[in-house]
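**Student:** Below you will find the structure I want to go over with you.
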Amino acid sequence: MGEEDRVKKVVHITDLSQLDTALGFFNLQSFVGNEVLFKLHMGEIGNKYYPKPSLVRPVVDHLKSMGMSPFFYDTTVAYPGLRHTKRGYENVAKMHGYTKLGCNVIIDDTGVGVTVEGRTYEVGTTLHASSHLVAFSHVKGHTATGMGGAIKNLGMGGVTKETKRWMHNGSKPIYNEKNCTYCGVCADVCPFDAITVNKKKWKVSKRKCFGCGVCVDNCKQQALTNKDKNLQYLLACSAKACVHQKDVLYINDVNRISRSCDCDPIAGPLVCPDLGFLVADDMVAIDKASLDLVNNAKPDVFQKVNNVDPEKQIKYGEEIGLGSASYTLIEP
Ligand code: SF4
Ligand code: SF4
């Protein structure tokens, strides 16, 4: 790839009335006349910040006016709750108003294995079968990965709950007593209060540990390692499995930027002012541009509120060939 090909276009608009202008920077010819899977998070019960139907409507209407047939898509989640089952998530989509926008809603609970970098990820059956995809991703903080953007929307949101589970499981800590100084940092940063450190005793609760890997990231003594791999690495690989052989357009919604993600009923507070929308055809470039915008407005805010460096998913994404972190920001 030449240097010019490596530098991706990322278009920054302040509101969706400029969407037509932003889309004009990309060749979407192959999308026209096709069914287009519109991947988004349709909201956990109680969460206030997920993209609402009123926000998404002008986007899908615009895609329809261009001759595309979009349908809303997501997968069931690993944790208990309504979105854990296909029927339950379909009810959530209805309750939240996504069935009133003239687009079908498809929730997948099964998947097809795609191998990336030696591990097999079960990509949602419908996503796997789709040739064209628009990933609409809400950018916000995340307790396990620092930030959730396009890589998170697909890497976790595009796969089955079994794959979600083993990815988290692979990030759980393995403890090496020899190196531990009992400083207590891991216990302080664990978002799920799963670790206790008491006078030369380190303990993790298997019941409470969610496999976010934050403790491993924060132990400076190499006393903790991931059972398999860093969650942000697995996320980047999983995202690559999800977009394998597809034409993809990415829209990042960099507004309502909360500390935690749309799966969290208590995701607040907002930690950064609204920054508009980004449009790109490269997953790594759009997340890098999103993170740069956030960092310019509120330096290192995701790292500060979640104790995780969110840039890792971007670095890993570039390493495995998911996309390019080099971009030109176009502000039409
Ligand atoms: S952060 Fe590392 S060194 Fe400190 S208590 Fe935890 S495991 Fe031990
Ligand atoms: S992996 Fe996450 S939840 Fe589990 S002990 Fe470490 S910080 Fe806590």
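**Student:** Find the eigenvalues of the gyration tensor of the Cα atoms of the stretch 172-226, then list the square roots of 5 times those eigenvalues as equivalent ellipsoid semi-axes, largest first, in whole angstrom.
**Tutor:** Here the semi-axes work out to 15, 12, 10 Å.
**Student:** Let me ask something else. Going by alpha carbons, how many degrees (0 to 90, nearest 10) lie between the helix axis of 161-170 and the longest principal axis of the chain?
**Tutor:** Helix 161-170 sits at roughly 40 degrees to that axis.
**Student:** Let me ask another. Given Cβ point charges of +1 (Lys, Arg) and -1 (Asp, Glu) and nothing else, what value in debye, to the nearest 20, does the dipole of the chain about its Cα centre take?
**Tutor:** Result for the chain is approximately 1620 debye, rounded to the nearest 20.
**Student:** While we're looking at this one, here's another question. So how tilted is helix 53-65 from the main axis of the chain? Cα-based, degrees 0 to 90, rounded to 10.
**Tutor:** 40 degrees
**Student:** Another question about this same structure. At 1.567 mPa s and 4 °C, plugging the Kirkwood radius over alpha-carbon pairs of the stretch 269-332 into Stokes-Einstein gives what diffusion coefficient in µm²/s?
**Tutor:** Rounded, D is 103 µm²/s.
**Student:** Taking 7 Å along the Cα-to-C-beta vector as the label spot, tell me the residue 54-residue 71 distance in nanometres, rounded to one decimal.
**Tutor:** Simple spin-label model gives 2.8 nm for this pair.
**Student:** Related question: List the relative contact order of the stretch 205-332 as a percent without decimals, with contacts defined as Cα pairs under 8 Å and 6+ residues apart.
**Tutor:** After rounding, I find 26 percent.
**Student:** Report the normalised scattering of the chain as log10 I(q)/I(0) at q = 0.11, 0.14 Å⁻¹, calculated by the Debye formula with identical scatterers on the alpha carbons.
**Tutor:** Debye output, listed in q order: -0.67, -1.09.
**Student:** Can you tell me the accessible area per residue over the chain, all protein chains present, probe 1.4 angstrom, in square angstrom?
**Tutor:** Here the per-residue accessible area is 43 Å².
**Student:** Still on this structure, I have one more. In the chain, what % of DSSP beta bridges are antiparallel (nearest 5)?
**Tutor:** Bridges in the chain are about 55 percent antiparallel.
**Student:** How far apart, in nm, are the 7 Å Cα→Cβ label points at residue 129 and residue 6?
**Tutor:** 4.0 nm
**Student:** Expressed in nm to one decimal, what extension gain is obtained for the pair residue 79 and residue 300 from 0.36 nm per residue of sequence separation less their Cα-Cα distance?
**Tutor:** 76.7 nm
**Student:** Could I ask something else about it? In whole Hz and in residue order, list the ³J(HN,Hα) couplings for the stretch 131-141 that follow from phi through the Karplus curve 6.51 cos²θ - 1.76 cosθ + 1.60, θ = phi - 60°; x for Gly and Pro.
**Tutor:** Once rounded to whole Hz, the list reads 9, 10, 9, 10, 9, 9, 10, 7, 8, 7, x.
**Student:** Do the alpha carbons of any pairs in 39/315; 227/298; 39/140; 178/240 sit beyond 28 Å of each other, and which pairs?
**Tutor:** 227/298; 178/240
**Student:** Here is a further query. Once R0 is set to 41 Å, what does the formula 1/(1 + (r/R0)^6) return for the Cβ-Cβ distance between residue 198 and residue 165, expressed as a FRET efficiency to the nearest 0.05?
**Tutor:** Working from the Cβ atoms, E equals 0.85.
**Student:** Turning to a different aspect of this structure: Could you sort the peptides 92-101, 251-260, 148-157 by per-residue average Cβ neighbour count (10 Å cutoff), highest mean leading?
**Tutor:** 148-157, 251-260, 92-101
**Student:** Taking Cα pairs under 8 Å and at least six residues apart, what relative contact order does the stretch 24-121 come out at, in percent?
**Tutor:** 27 percent
**Student:** Now for a different question. Have a look at 269, 211, 243 and report the one farthest towards the positive end of the charge dipole of the chain, computed about the Cα centre with Cβ charges (Lys/Arg +1, Asp/Glu -1).
**Tutor:** The residue sitting farthest along the positive end of the dipole is 211.
**Student:** Follow-up. By average Cβ neighbour count within 10 Å, what is the ranking of 115-124, 268-277 from highest down?
**Tutor:** In descending order of packing, they fall as 115-124, 268-277.
**Student:** Between 223, 22, 78, which gets the highest mean-square fluctuation from a Gaussian network model of the chain, Cα cutoff 10 Å?
**Tutor:** 223
The values are calculated or read from the model by the stated rules, or taken from the named source; none is laboratory data. Note that the structure is predicted; figures quoted are calculated from it, not measured. Cβ atoms come from the backbone with ideal geometry, glycine included; neighbour counts cover every protein chain shown. Just so you know, the surface numbers come from the protein's heavy atoms only, side chains and all, with ligands and any DNA or RNA stripped out. Shrake-Rupley method; radii C 1.70, N 1.55, O 1.52, S 1.80 Å.
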